[in-house]
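J.: A single structure is presented below for examination.
The values are calculated or read from the model by the stated rules, or taken from the named source; none is laboratory data. Bear in mind that the values here come from a model prediction, so they are computed numbers and not experimental data. When we count neighbours, we look across all protein chains shown, and the Cβ atoms used for this are built from the backbone with ideal geometry, even at glycine. SASA here: full protein model, heavy atoms, side chains in, ligands and nucleic acids out. Shrake-Rupley method; radii C 1.70, N 1.55, O 1.52, S 1.80 Å.
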Amino acid sequence: MNRRRYLAVSTAVLSGLAGCLGDTEYTISSVETEADSHPLALDVTVIDRGIAIESPGRLDITLRNTGTQDVTIKNTGVWPLGMLGLTLAGESVSADILLLTDAYEQSNAVEVRPNGARRDSDPITGTLATAESIQRQYELIGRRVSTAGTYTLQGYFDDVPLSYRTGEDTDWVAYHPTVTVTLTEQSVLS
């Protein structure tokens, strides 16, 4: 191989690797949930800890009715959890990272864009029967994560992801579960 061709191939390969080496990758290092006095409980399980540009991290989020009667749930976007996001603990009210799920693609009320999202504000209601649970898998896409840190789970557009009531005559109660997700920076070369 002559010197010019070698230099051209080497430059092309190094240029291609430079983009890969510049992308920060993250790891879901911990997820913690706190129990509360609501008739609903939220369980969060890490399915895939690594968050890269090409490979998202994955969380299974399960909403359970732990009460003794049916619970009517109201939210916007998709039922029952709405559009979820993560915000840096102690930072802003709006979510920093949109969590993605297949339910968004099946909904006419949600539109996800490369650097944002839109949802209809029309309320959606449904009933979660006693001892019933609903599970959704959510993805953390690498290009949506900008920094490591401890994040709290909330609605992407609203601090509170959903409201509920246990009877027709009762008032709606805001449900804001306490869930923290810690993301740590991962070395790309390791």
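J.: Do we find that Arg144 is open to solvent by 70 Å² or more (accessible area, probe 1.4 Å), basic (Lys, Arg) and either at pLDDT below 90 or touching a strand residue (DSSP E or B) at 6+ places or on another chain (Cβ under 8 Å) (or both) in this structure?
T.: The answer is no for Arg144.
J.: Does segment 96-104 include one or more residues that are more than 25 Å from Asn65 (Cβ to Cβ), open to solvent by 30 Å² or more (accessible area, probe 1.4 Å) and assigned to a loop (DSSP other than H, G, I, E, B)?
T.: yes
J.: Could you count how many residues in segment 72-95 are part of a loop (DSSP other than H, G, I, E, B) and surrounded by fewer than 19 Cβ atoms within 10 Å (Cβ to Cβ)?
T.: 6
J.: Sticking with this one: Mind checking which strands (runs of 3 or more DSSP E) fall wholly inside segment 25-67 and carry at least 2 residues that are of a type in the set (Lys, Arg) and either open to solvent by 50 Å² or more (accessible area, probe 1.4 Å) or under 18 Å from Gln154 (Cα atoms) (or both)?
T.: Those strands (runs of 3 or more DSSP E) span 57-65.
J.: Moving to a separate point now. Asp171 is checked against (1) at pLDDT below 95; (2) closer than 22 Å to Thr87 by Cα; (3) open to solvent by 50 Å² or more (accessible area, probe 1.4 Å) and fails just one. What number does that condition carry?
T.: (2)
J.: Considering every residue within segment 134-141, establish whether at least one is among the charged types (D, E, K, R) and either loosely packed, with under 15 Cβ neighbours inside 10 Å or part of a helix (DSSP H, G or I) (or both).
T.: Checking segment 134-141: not a single residue is among the charged types (D, E, K, R) and either loosely packed, with under 15 Cβ neighbours inside 10 Å or part of a helix (DSSP H, G or I) (or both).
J.: Write out, first by first residue and then by second, each pair whose Cβ atoms fall under 7 Å of each other, whose residues are 6+ apart or on separate chains, and whose first residue, in segment 112-138, is over 20 Å from Tyr156 (Cα atoms) and of a type outside the set (Gly, Ala, Ser) while the second is open to solvent by 70 Å² or more (accessible area, probe 1.4 Å) and not in a loop (DSSP other than H, G, I, E, B).
T.: none
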